[in-house]
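Input: a single structure, listed below in structure tokens.
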Amino acid sequence: MNSYEGKTFNINTYGCQMNVHESEKIRGILLSLGMEEIDNPIDANVVVFNTCCIREGAEDRAYNNIMALKPEKAKDKNKILILCGCMPQQKKGKYNLKDKLSFVDIIIGTHNINMLAQYLLRFAMNHQPIYEIVEKPTGNMDTDLCVRDDKINAYVNIIYGCNKFCTYCIVPYVRGREKSRPFHDIYEEVKDLVQNKGYKFITLLGQNVNSYGKDLSEPMTFAELLQNLCKIEGDFKIKFMTSHPMDFGDDIIKVMKTEEKVAKALHLPVQSGSSPILKRMNRHYDVKQYMSIIKKVKHAVPNISLSTDIIVGFPGETESDFNKTLKLLKKVKYDQVFAFMYSKRSGTPAAEFEDQVDEKEKNIRVNKLLRLQKIIQKDQTKKYFKKVFNCLIKQINGVSVGITDGGKEIYIPNYKFVNENYFANVRVEDIRNHKLSGVIYGKR
Ligand code: 5AD
Ligand code: SF4
């Protein structure tokens, strides 16, 4: 029995899939202390803010939401507030958290989230605020205590940290250097998720998944990792994110083509369509090299679903550079684009560049880009006609629906499925108002 038994907790997550997955581990840790999860931070005995600092907006959102709980903490001194993740890990964040958030009980970074139970137990003993930011991982970041949000798609870490140092990006400073997880650990986790827990999609996570294995005592490439995981018996598919174009070799393309279990979807951030801007971003590829990968991928996997990240208004980006990004979108025809206005991150090289783009101009450009992408996406729907996709078959509101690897829904009217969640081929027969419908076209 510990003093947390029977108490309630609430977790607030900001940022990427990595953080979402880390919050799943936090949930596991808190449940293991005998606590119960609730939706409302006002009523919860313990409130966790697992934060992000990739852009200023992410910091502002988390900060304001923590601040909103200050009166609650004043009313109930026994309420425990926890701040963790990327925001406190920064050397020079936007907010001086130690001073401004002195009412927060436990502040830790990215490298010691796995120690949360120990911090809570220590806090219960002496009620002294904890502020512990460490520079290197404390023990093993993986935990069997993870309790996932989703029942179909499971996130699995394969590599932590980043060595790339893109000039705009704070990630290498708050997540440290690349560290691959041993293959055996990943294999056992995936096997358990597929064979014992019924997961249909496994999404392998890392800031740079293609760098996997370089640092292991028995090196393994990312392509080999994929191939080895495909040997696990079961009806499931593997997705992965995020890939860096620099490390995206032909071996990965080959595995995507040949392995049925590798989802036919790829998120490959380009960031800009202008080579001089890519050079200033320290991305280690130019537009020609990026387009050559896209061409090879499309050739190897014809109906692949492609998505990307774009930064608009990077320092020095001219109208002409920006137009090259628009041109690239028209050429590649992504199924989805995540576009961000460049946000100055203190401590990164680009924050010191003198030719910063005006905020208003960034806003105009991002809206223009999103308008263009909307048109491209609508037009894209046509390419689905009469095509066959291997889909996860689900029931949504009593209707059978096939979900493609890229997440598109294909309605299958009048089809009664046998049991929930299995893969089958679906052929698109009709497109109305950009909504797809089709028929089952043989089983996988
Ligand atoms: N400003 C805007 N967007 C950024 N990203 C990373 N750093 C910044 C920044 N400083 C974007 C990149 C990356 C995605 C996760 O976030 O596009 O791929
Ligand atoms: Fe950031 Fe670049 Fe590393 Fe991605 S590859 S996490 S954008 S530094």
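The values are calculated or read from the model by the stated rules, or taken from the named source; none is laboratory data. As the structure is a computational prediction, the values presented were derived from the model and not from experiment. Here Cβ is always computed from backbone atoms with ideal geometry, including for glycine, and neighbour counts include all displayed protein chains. Quick note on the areas: whole protein, heavy atoms, side chains included, nothing else; ligands and nucleic acids left out. Shrake-Rupley method; radii C 1.70, N 1.55, O 1.52, S 1.80 Å.
Data overview
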read-out: Residue match in the range 197-206 (condition: surrounded by fewer than 22 Cβ atoms within 10 Å (Cβ to Cβ), of a type in the set (Ser, Thr, Tyr) and either at negative phi or within 16 Å of ligand 2 (Cβ to nearest atom) (or both)); value: yes
read-out: Given (1) on the phi < 0 side of the Ramachandran plot; (2) more than 16 Å from ligand 2 (Cβ to nearest atom), number of the condition GLY139 does not satisfy; value: (1)
read-out: Failed item, numbered, when GLU317 is tested on (1) modelled with pLDDT of 95 or more; (2) open to solvent by 40 Å² or more (accessible area, probe 1.4 Å); value: (2)
read-out: Search result, residues across the range 194-219 that are of a type in the set (A, V, I, L, M) and either assigned to a strand (DSSP E or B) or in contact (Cβ under 8 Å) with a residue 40 or more places away in the chain (or both); value: VAL194, ILE202, LEU204, LEU205, VAL209
read-out: Residue that is in contact with a Cys (Cβ under 6 Å, 6 or more places away or on another chain), within 22 Å of PHE9 (Cβ to Cβ), away from ligand 2 (no atom under 16 Å from the Cβ) and of a type outside the set (S, T, N, Q), where the choices are ILE108, ILE130; value: ILE108
read-out: Residue match in the range 178-192 (condition: of a type in the set (Lys, Arg) and within 16 Å of ligand 1 (Cβ to nearest atom)); value: no
read-out: Verdict on ARG55 being open to solvent by 10 Å² or more (accessible area, probe 1.4 Å), among the charged types (D, E, K, R), within 16 Å of ligand 2 (Cβ to nearest atom) and at pLDDT 95 or above; value: yes
read-out: Flag for ASP430 being among the acidic types (Asp, Glu), on the phi < 0 side of the Ramachandran plot and not assigned by TED's automatic domain parsing to the domain that holds THR308; value: yes
read-out: When residues of the range 358-383 are limited to those that are modelled with pLDDT under 95 and surrounded by 15 or more Cβ atoms within 10 Å (Cβ to Cβ), the one nearest to the chain's Cα centre (by Cα); value: GLN377
read-out: PHE314 within 16 Å of ligand 2 (Cβ to nearest atom), of a type outside the set (Gly, Ala, Ser) and either in contact with an Asp or Glu (Cβ under 6 Å, 6 or more places away or on another chain) or touching a residue at least 24 places away in the same chain (Cβ under 8 Å) (or both); value: yes
read-out: Residues (part of a loop (DSSP other than H, G, I, E, B) and polar (S, T, N, Q)) located in the range 80-95; value: GLN90
read-out: When residues of the range 327-357 are limited to those that are more than 15 Å from ligand 1 (Cβ to nearest atom) and crowded, with 16+ Cβ neighbours inside 10 Å, the one nearest to ILE431 (Cα to Cα); value: ASP335
read-out: Qualifying residues in the range 156-176 (those that are under 17 Å from ASP215 (Cα atoms) and of a type in the set (S, T, N, Q)) - the one nearest to the chain's Cα centre (by Cα); value: ASN157
read-out: Single residue of the range 65-80 satisfying the filter (among the basic types (Lys, Arg) and touching a residue at least 12 places away in the same chain (Cβ under 8 Å)) that is least open to solvent (accessible area, probe 1.4 Å); value: LYS79
read-out: Answer residue from the range 247-267, given it is part of a loop (DSSP other than H, G, I, E, B) and out of contact with any Leu (no Cβ under 7 Å at 6 or more places or on another chain) and is surrounded by the fewest Cβ atoms within 10 Å (Cβ to Cβ) among those; value: GLU260
read-out: Evaluation of HIS434 against (1) over 29 Å from the mean Cα position of the chain (by Cα); (2) touching a residue at least 12 places away in the same chain (Cβ under 8 Å) (one fails), failing number; value: (1)
read-out: Any hit, the range 225-240, residues being in contact with an Asp or Glu (Cβ under 7 Å, 6 or more places away or on another chain), within 15 Å of ligand 2 (Cβ to nearest atom) and not assigned by TED's automatic domain parsing to the domain that holds GLU420; value: no
read-out: Any hit, the range 56-64, residues being without any contact (Cβ under 8 Å) to a residue 12 or more places away in the chain and over 18 Å from ILE106 (Cβ atoms); value: yes
read-out: Helices (runs of 4 or more DSSP H) fully within the range 286-382 counting 1 or more residues that are closer than 30 Å to GLN89 by Cβ; value: 359-380
read-out: Selection within the range 30-48 - within 21 Å of ASN140 (Cβ to Cβ) and buried (at least 21 other Cβ atoms within 10 Å of the Cβ); value: LEU30, VAL48
read-out: Single condition LEU278 does not satisfy, out of (1) without any contact (Cβ under 8 Å) to a residue 24 or more places away in the chain; (2) open to solvent by 70 Å² or more (accessible area, probe 1.4 Å); value: (2)
read-out: Exclusive hit being among the β-branched types (Val, Ile, Thr), under 24 Å from VAL337 (Cα atoms) and within 16 Å of ligand 1 (Cβ to nearest atom), set ILE277, ILE238, ILE253, ILE202; value: ILE277
read-out: Positions within the range 174-219 being closer than 24 Å to PHE248 by Cβ and in contact with a Gly (Cβ under 6 Å, 6 or more places away or on another chain), in sequence order; value: ARG175, GLY176, ARG177, GLU178, LYS179, SER180, PRO219
